[in-house]
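To start, the structure under review is shown below, and the notes come after it.
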Amino acid sequence: MMEFLATCAFGIEAILKREIQQLKFTVTRSSNGKVFFSGDIKTMMMANIHLRTAERIFMVLGEKKVLSYDQLFDFIKTLKLKPIVSEYGQYNIQAKSVKSKLFSPRDIQSIVNKALIENLKAAYKVSVFEESKEKYAFLLDLQKDQALFLLDTSGAALHKRGYRINQGEAPLKETLASALVQLSFFDASRTLYDPFCGAGTIVIEAAMIAKNIAPGLNRSFAFLHFPWIDKTVYQSVKKAAYKNIIMESSARLYASDIDPKLMRYAEENATEAGVEDIIDFQVADFKIREYGKDYGIIITNPPYGERLETTKDAEVLYKDFGLLMKKHPSYSYYVISSYPGVEGIFKQKADRTRVLFNGKIKTRYYQYYGPKPE
Ligand SMILES: C[S@@+](CC[C@H](N)C(=O)[O-])C[C@H]1O[C@@H](n2cnc3c(N)ncnc32)[C@H](O)[C@@H]1O
């Protein structure tokens, strides 16, 4: 049994935890932006391929309280790293320190590097290291003096699914878009709209959930370069994921945006993700587009004012959105925005509000639960 760490944006740990449990893995602990779980190498592969809200999957190589550089050196030098880390790798070490006695990432990095080389020299009884194409990216994460030594198994961050060939100026991260959908009442029986869809991230993520398409099927991972990986296990995990795709989904999703160029991007991205068959694309102002039958769900990311519009335009836009909410009282509304005073402008208090980070921008996710469908 090994321990793994899935990292995520602050505020979505509970969603990530639920996803890990749905894969039938055991969550061992969680804290800000981190969910730990246990399992084997297949677990690690599945986590990379299936988790929709994780940013990266790390293998936990060791953990210890360290208060001095000597203690840090000893911790890394005495870890059992063979056979996970081979003697022929290219080693990249990153360091992070929060509220800890050792606070200089540079110094931590350099000590870890020295200790790692000593460790591997002794373990493999070699004195010179040949570099090869096996890349190992390590992270020494120090929080309140507790050091975690981690091996990155993902490579490029997991929000990079591989389908977004084009994007507009203010795209949501795919992982955050998926969290927004998973925080809503969306399922294949409810019609979903995103009337400010931009490059289509929210509807594409929702459609991937509706069709049960694993987010990592279209990309590569760092673990594929580790020499001890059994590629047949990886192929079987992928094969099982392909088998579970729902080819004929009854879900219907509606994406629109006022910008024709972005609508084209959204369509191209959806095609790349294999979900264009269940999404309707339309160039339209959100005020005049058609909204269909009752109990629809609107999940959307309107302009924040900061990046795309003047403040006055944004105020009018949010007022108009409030009018739309009045017009369709059986709908549920989920709006992510950093624009101040959104509930006041809508003249409706949200049933729940969460603070979420869209990259570095602090946003709020306003959740208005409509009535239950009859
Ligand atoms: C924050 S962006 C959405 C980004 C999107 N979530 C993504 O991941 O690409 C806001 C979008 O609202 C669109 N927009 C602005 N005013 C609009 C209006 N009146 N009706 C419809 N779309 C509008 C912009 O073209 C822009 O694409």
Subject >> Rounded if a/c under 1.5, otherwise prolate or oblate - segment 2-152, Cα gyration tensor axes >> reply: oblate
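Write down the accessible area per residue of segment 2-152 in Å², having rolled a 1.4 Å probe over the full set of protein chains.
Values: 7340 Å² over 151 residues.
Counting only protein heavy atoms, the per-residue value for segment 2-152 is 49 Å².
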**OP:** Using only the alpha carbons of segment 179-271, determine the length spanned along each of the three principal axes and report them from longest to shortest in whole angstroms.
**Re:** 50, 29, 24
Subject >> Protection proxy ranking of 321-331, 184-194 - average other beta-carbon atoms within 10 Å, highest first >> reply: 184-194, 321-331
Subject >> Equivalent ellipsoid, segment 235-374 (semi-axes from 5 times Cα gyration tensor eigenvalues, Å) >> reply: 29, 19, 17
**OP:** Rounded to whole Hz and in sequence order, give me ³J(HN,Hα) for segment 152-165 from the Karplus expression 6.51 cos²θ - 1.76 cosθ + 1.60, θ = phi - 60°, writing x for Gly and Pro.
**Re:** 6, 9, 8, x, 4, 4, 6, 5, 7, 7, x, 8, 7, 7
Original post:
Using +1 on the beta carbon of Lys and Arg, -1 on that of Asp and Glu, and nothing else charged, what's the dipole of the chain about the Cα centre, debye to 20?
Top reply: 940
**OP:** Relative to the longest principal axis of the C-alpha atoms of the chain, give the angle of the C-alpha long axis of helix 13-22, reported between 0 and 90° and rounded to the nearest 10°.
**Re:** 80
**OP:** Only bridges with both residues in the chain count here: give the DSSP antiparallel percent, nearest 5.
**Re:** 65
Original post:
Against the longest principal axis of the chain, how steep is helix 105-124, in degrees 0 to 90 to the nearest 10, with axes from Cα atoms?
Top reply: 50
Subject >> segment 267-306 versus segment 22-100: alpha-carbon centroid distance in Å >> reply: 38
**OP:** For the chain, with a Gaussian network of springs between Cα atoms less than 10 Å apart, report the residue from Lys64, Lys312, Lys121 with the top mean-square fluctuation.
**Re:** Lys312
**OP:** Name the long-range amide H neighbours of Lys135: under 5 Å, sequence gap of 5 or more, or other chain; modelled H, no Pro or chain starts.
**Re:** Gln90
Original post:
Taking amide hydrogens as modeled 1.01 Å from N in the peptide plane, which residues meet the under 5 Å criterion relative to Ala156, leaving out close sequence neighbours?
Top reply: Ala222
**OP:** Compute the FRET efficiency between Lys135 and Asp187 as 1/(1 + (r/R0)^6), taking r as their Cβ-Cβ distance and R0 = 45 Å, and round to the nearest 0.05.
**Re:** 0.65
Original post:
Magnitude of the Cβ-charge dipole of segment 313-364, K/R +1 and D/E -1, about the Cα centre, nearest 20 debye?
Top reply: 220
**OP:** Enumerate the calculated ³J(HN,Hα) couplings along segment 226-231 in order (Karplus 6.51 cos²θ - 1.76 cosθ + 1.60, θ = phi - 60°), each rounded to whole Hz, writing x wherever the residue is Gly or Pro.
**Re:** 6, x, 8, 6, 8, 5
Subject >> Under-5 Å amide H pairs with Arg364, H placed in peptide plane, nonlocal only >> reply: Ser337, Ser338, Leu356
**OP:** Leaving ligands, DNA and RNA out of it, report the carbon-plus-sulfur percent of the accessible area of the chain at a 1.4 Å probe.
**Re:** 52
**OP:** For the chain, state the semi-axes of the equivalent ellipsoid (square roots of 5 times the eigenvalues of the alpha-carbon gyration tensor), sorted largest first and rounded to whole angstrom.
**Re:** 43, 23, 17
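The values are calculated or read from the model by the stated rules, or taken from the named source; none is laboratory data. Small disclaimer: the values here were computed from a predicted structure and weren't measured. Please note: Cβ atoms are built from the backbone with ideal geometry, for glycine as well, and neighbour counts cover all protein chains shown. Side chains are part of the model used for accessible areas, which takes the heavy atoms of the whole protein and leaves out ligands, DNA and RNA. Shrake-Rupley method; radii C 1.70, N 1.55, O 1.52, S 1.80 Å.
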